[in-house]
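Read through the structure below, which is laid out as structure tokens, and then see the notes.
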Amino acid sequence: MSSDIAPPPATEPNTGQLRRLFRQQQNVRAVVETISGELELQPLLESILHHACQLIGAEHGTIGLVDPALDLVRTAACYRMPPGEAAAETPRGVGLAGVVLERGTPVVLERYGDLPHPTQPDFAGHSVIGMPIEWNGRMIGFLGIGTGSARLGADEVETLALFARPAAIAIVNAWRYEGERRRGERMALVARVARLVTADLRLEELLQRAADAIHELLGFPDLAIPLVDPDHPEVLVLRVKGGHSKQRSPGEYRIPLGHGIMGEAARTRASIMANDAGRRAELAAPILLGDRVLGVVNVERDEPFDAEDAAIVGIIADQLAVAIENARLYASAQQVAVLEERQRLARELHDAVTQHLSSLTLIAQTLAPSFARDREEGESRARRLVELSQAALDEMRVLLAELRPDGARRAGTRAADAPAGSARARLRHHGLAQALALLAGDVSSDALPVAVELEPYLPRTLPEEEALYRIAQEALRNVVKHARASTARLRLATEGAATVLTVSDDGAGFTSSVESTGEHAVQLGGLGLLTMRERATAIGGTIRIDSSPAEGTTVEVVVAHAAGGRT
């Protein structure tokens, strides 16, 4: 027969009872001290069960934990139980554990077989006790013990009741310890994911690396990282997947923000957790940067998600937001760098090569008439053609050297290695003033007289001097090609805290008065004028072009002086 334990009658305890209670409390205290130092849950449960059986003198027993979501008791440890009891799941009302779960009170039976639904027929004749383990008013575990050689009664129930309270505290502490350790481990994995994410600045590779890391390190079996389409903000574009989804759903998908959990997370800017019965659990966290939604991190699995999972995925989404923005900024910077390099090469080709080719064309056009007038003059012009073609070849070699993969490494020595006919070689060996004098001499011998005024000049860095030389070269070329001038003048001087370069002519001129600065550059029209403006701006200077019809043109460049000389 079965009996629930009733409170003992309110009588004064005798001396024997006091001694028994004292020994009982001493035994429980000794056991509690033994188990209180154990923080690992499984060893703790095994220790609780073993000591409980020893306290009572039981021959066998089990300890289980309550699963409130499934409303059952799951066996966590066994002591001398038949095979198959470990990890057994006992629903409410079934077996000793199920009856205790149903009643919420201790259950003592002279015969285990008297239960409505016993689960261990081999123990049908054994005396058993089922004790709930409670915390904060709810049952968190179950302790069941039995014996076939003695009758268990009120004293044993009282001892187990004394033991159950500290056992509950120890279990909760172990849960907390396990939760903190698991949280620490997951945060360490999140940190590893963050390092992997930020190790790449290419957006597609970055996202795929993140998806793979979330799958492998955090154990989410399926995931996706769609991004908001910049051209259509109401649509998520899904290309990056991880886990099983990577093979199961290849290709690109477009998801309207009004559809599904991913769309809802992006639309509401809040994490969405769906643990609906009968379908896979899904968790979606928006990738937010300030007030902008960049995309979504979406994970799926068979087990329900909890608040900790949402926090973990949210942290990863925050890290991805910064990484995505950095990747996009990096891509934009690369595009700007490519554009700037193309513009620089266009300037170099125009100034370093086209200048010589233009002069070659002018001299070639006069070569035949020169020979017709005077053979010596024709031979002189032929020699000049050879000089100009060699100079053009030298300039091209300098550009080709810069385009080599090791061009950046060679940047510090390329001026010293420049071919003799190049502008850099002139600047390296003669300085800006003398290089301009040589340039004026070339133009004078090829096209029209150029007067040179070289006043006191404080040398600048080699890149700055090259920019000034190229501006003078282009300005003189424009005089030769367009001005229909009879003379030109080239002036270089240091005036106060600035370098001033002036090229003027007495030609036809045009209607214009334009100033260009580094912040408010005005497009002057024509590639030559544009390159002059860009070169002046690059070294922090201003360029002014003054011209009037029939009164010639003046190009003036002013660059504030900085400490340091040529390098």
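The values are calculated or read from the model by the stated rules, or taken from the named source; none is laboratory data. Predicted, not measured: the structure shown is a model, and the values here were computed from it. Heads up, the Cβs are rebuilt from the backbone with ideal geometry, glycines too, and the neighbour counts pull from every protein chain shown. When the accessible area is computed, the model is the full protein with side chains, heavy atoms only, and any ligands, DNA or RNA have been set aside. Shrake-Rupley method; radii C 1.70, N 1.55, O 1.52, S 1.80 Å.
Which of the strands (runs of 3 or more DSSP E) found entirely inside region 68-121 contain at least 2 residues meeting this: free of Cβ contacts under 8 Å to residues at least 24 places away in the same chain?
The qualifying strands (runs of 3 or more DSSP E) are 72-79, 89-91.
Going by the structure shown, is Arg248 under 19 Å from Ile315 (Cβ atoms) and open to solvent by 40 Å² or more (accessible area, probe 1.4 Å)? Quick ask: steps written out before the conclusion?
Numbers: under 19 Å from Ile315 (Cβ atoms): no; open to solvent by 40 Å² or more (accessible area, probe 1.4 Å): yes.
Considered against the rule, which asks whether it is under 19 Å from Ile315 (Cβ atoms) and open to solvent by 40 Å² or more (accessible area, probe 1.4 Å), Arg248 comes out as no.
Considering only region 473-488, I want to know if a residue exists there that is at pLDDT below 90, over 46 Å from the mean Cα position of the chain (by Cα) and polar (S, T, N, Q).
The answer is yes, given that some residue of region 473-488 is at pLDDT below 90, over 46 Å from the mean Cα position of the chain (by Cα) and polar (S, T, N, Q).
Could you please let me know if Leu44 is surrounded by 23 or more Cβ atoms within 10 Å (Cβ to Cβ) and touching an Asp or Glu at 6+ places or on another chain (Cβ under 6 Å)?
yes
Within region 196-209, take every residue that is modelled with pLDDT under 75 and assigned to a helix (DSSP H, G or I) and give me the one that is nearest to the chain's Cα centre (by Cα).
Val197
Does Leu357 meet the test of being over 24 Å from Ala210 (Cα atoms), without any contact (Cβ under 8 Å) to a residue 40 or more places away in the chain and touching a helix residue (DSSP H, G or I) at 6+ places or on another chain (Cβ under 9 Å)?
Working: over 24 Å from Ala210 (Cα atoms): yes; without any contact (Cβ under 8 Å) to a residue 40 or more places away in the chain: yes; touching a helix residue (DSSP H, G or I) at 6+ places or on another chain (Cβ under 9 Å): yes.
Criteria met by Leu357.
Suppose we filter Val228, Val172 for residues that are closer than 20 Å to Glu40 by Cβ and modelled with pLDDT of 90 or more; which single one remains?
Matching residue, one of Val228, Val172: Val172.
Please verify whether Thr413 is more than 22 Å from Thr554 (Cβ to Cβ), open to solvent by 20 Å² or more (accessible area, probe 1.4 Å) and at pLDDT 90 or above, treating the condition exactly as stated.
no
Suppose the filter is part of a loop (DSSP other than H, G, I, E, B) and either in contact with an Asp or Glu (Cβ under 8 Å, 6 or more places away or on another chain) or more than 17 Å from Ile312 (Cβ to Cβ) (or both); does Gly242 pass it? Break it down into steps so the answer makes sense when it comes.
Values: part of a loop (DSSP other than H, G, I, E, B): no; either in contact with an Asp or Glu (Cβ under 8 Å, 6 or more places away or on another chain) or more than 17 Å from Ile312 (Cβ to Cβ) (or both): yes.
Against the criterion (part of a loop (DSSP other than H, G, I, E, B) and either in contact with an Asp or Glu (Cβ under 8 Å, 6 or more places away or on another chain) or more than 17 Å from Ile312 (Cβ to Cβ) (or both)), Gly242 does not qualify.
Name every residue in region 470-493 that is part of a helix (DSSP H, G or I), touching a residue at least 40 places away in the same chain (Cβ under 8 Å) and open to solvent by less than 40 Å² (accessible area, probe 1.4 Å), in order of residue number.
Matches in region 470-493: Arg470, Ile471, Gln473, Glu474, Ala475, Arg477, Asn478, Val479, Ala483.
For Gly57, are the conditions met, namely being open to solvent by 40 Å² or more (accessible area, probe 1.4 Å), touching a helix residue (DSSP H, G or I) at 6+ places or on another chain (Cβ under 9 Å) and either of a type outside the set (Lys, Arg) or free of Cβ contacts under 8 Å to residues at least 12 places away in the same chain (or both)?
Yes, satisfied.
Got a sec? Which of Gly148, Gly144, Gly137 is modelled with pLDDT of 85 or more and on the phi > 0 side of the Ramachandran plot?
Matching residue, one of Gly148, Gly144, Gly137: Gly137.
Of the residues that make up region 509-519, is at least one at positive phi, surrounded by 19 or more Cβ atoms within 10 Å (Cβ to Cβ), modelled with pLDDT of 85 or more and of a type outside the set (A, V, I, L, M, F, W, C)?
yes
Applying the selection to region 494-514, what residues are under 51 Å from the mean Cα position of the chain (by Cα), hydrophobic (A, V, I, L, M, F, W, C) and not in a loop (DSSP other than H, G, I, E, B)?
Ala498, Val500, Leu501, Val514
Residues are listed down the side, and each one gets a yes or a no for (1) assigned to a strand (DSSP E or B); (2) closer than 19 Å to Ala327 by Cα; (3) open to solvent by 10 Å² or more (accessible area, probe 1.4 Å); (4) of a type in the set (Val, Ile, Thr):
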{"site": "Val128", "(1), (2), (3), (4)": "yes, no, no, yes"}
{"site": "Glu134", "(1), (2), (3), (4)": "yes, no, yes, no"}
{"site": "Asp155", "(1), (2), (3), (4)": "no, no, yes, no"}
{"site": "Ala194", "(1), (2), (3), (4)": "no, yes, yes, no"}
{"site": "Asp212", "(1), (2), (3), (4)": "no, yes, yes, no"}
{"site": "Glu234", "(1), (2), (3), (4)": "yes, no, yes, no"}
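If Pro116 satisfies every condition in (1) closer than 21 Å to Glu89 by Cα; (2) crowded, with 20+ Cβ neighbours inside 10 Å but one, which is the exception?
It is condition (2) that Pro116 fails.
Quick check on Glu387: is it part of a helix (DSSP H, G or I), in contact with a Ser or Thr (Cβ under 6 Å, 6 or more places away or on another chain) and without any contact (Cβ under 8 Å) to a residue 40 or more places away in the chain?
Criteria not met by Glu387.
Of Pro256, Pro166, Pro230, which residue is open to solvent by 70 Å² or more (accessible area, probe 1.4 Å), at negative phi and out of contact with any His (no Cβ under 7 Å at 6 or more places or on another chain)?
Exactly one residue qualifies, and that residue is Pro230.
Counting only residues that are more than 26 Å from Ser486 (Cβ to Cβ), surrounded by fewer than 20 Cβ atoms within 10 Å (Cβ to Cβ) and in contact with a Lys or Arg (Cβ under 7 Å, 6 or more places away or on another chain), how many does region 432-469 have?
Of the residues in region 432-469, 3 are more than 26 Å from Ser486 (Cβ to Cβ), surrounded by fewer than 20 Cβ atoms within 10 Å (Cβ to Cβ) and in contact with a Lys or Arg (Cβ under 7 Å, 6 or more places away or on another chain).
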